[in-house]
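Worksheet: the structure to be examined is printed underneath.
The values are calculated or read from the model by the stated rules, or taken from the named source; none is laboratory data. Keep in mind that this is a model prediction, so the values were computed, not measured. Note: ideal-geometry Cβ built from the backbone for every residue, glycine included; neighbour counts use all protein chains shown. Heads up: the accessible areas ignore ligands, DNA and RNA and are worked out on the full protein's heavy atoms, side chains in. Shrake-Rupley method; radii C 1.70, N 1.55, O 1.52, S 1.80 Å.
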Amino acid sequence: MTSDLLLRDVMEDDLPIFFEQQLDSDANYMAAFTAENPADRDAFTSHWNKILGDDTATNKTILFAGQVVGHIASFERLGKPEVTYWIGKQYWGKGLATKALAEFLGQVKERHLYARAAKDNTASIRVLEKCGFEISGQDKGFSHARGKEVEEFILELRGEERD
């Protein structure tokens, strides 16, 4: 089912789709650590301008059967390379996050890579574990989507840096 999956550079035309995807309250709850106000288009635009202007980050749009289904990225957080992804809710449960992450990991050179997931986001934790990440720590922070402090796992992908 996931053979039609493709990663490509983020284009400006993708951003309205990303914005619509981030408006879903269930997706925000699962992600936990999201924008303070997902409906604030100016904040969204400012955030994406910053992301796309960061030469140290890798940002890809996830396409499935020609449709934009989400995005995936690596960036530096607290001096360590971290990955993140977002899949539109209508595409959940189809193996697309796992396939996209596996494809992305084949393209990025950095190792050790880190990821974070709310402790109760078992689907995202499973995606990360299927791709070789292991839980290596815990943290907690305020979740705007949930209106309270939320515990999260820090996951790590070890391995040798690739050429």
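Before we move on, is PHE75 outside any helix (DSSP H, G or I), open to solvent by 60 Å² or more (accessible area, probe 1.4 Å) and touching a residue at least 60 places away in the same chain (Cβ under 8 Å)?
On the way: outside any helix (DSSP H, G or I): yes; open to solvent by 60 Å² or more (accessible area, probe 1.4 Å): yes; touching a residue at least 60 places away in the same chain (Cβ under 8 Å): no.
So PHE75 does not fit the description; no.
Scan (1) open to solvent by 40 Å² or more (accessible area, probe 1.4 Å); (2) of a type in the set (A, V, I, L, M, F, W, C); (3) in a helix (DSSP H, G or I); (4) under 17 Å from TYR29 (Cβ atoms) for the single condition ALA102 breaks and write down its number.
The single condition ALA102 does not satisfy is (4).
Filter segment 84-98 down to the residues that are farther than 17 Å from ALA32 by Cα and more than 13 Å from the chain's Cα centre (by Cα), then identify the one that is surrounded by the most Cβ atoms within 10 Å (Cβ to Cβ).
TYR91
Using the structure shown, decide if ILE135 is open to solvent by less than 60 Å² (accessible area, probe 1.4 Å) and either over 25 Å from ASP26 (Cα atoms) or part of a strand (DSSP E or B) (or both).
On the way: open to solvent by less than 60 Å² (accessible area, probe 1.4 Å): no; either over 25 Å from ASP26 (Cα atoms) or part of a strand (DSSP E or B) (or both): yes.
When the stated conditions are applied, ILE135 does not pass them.
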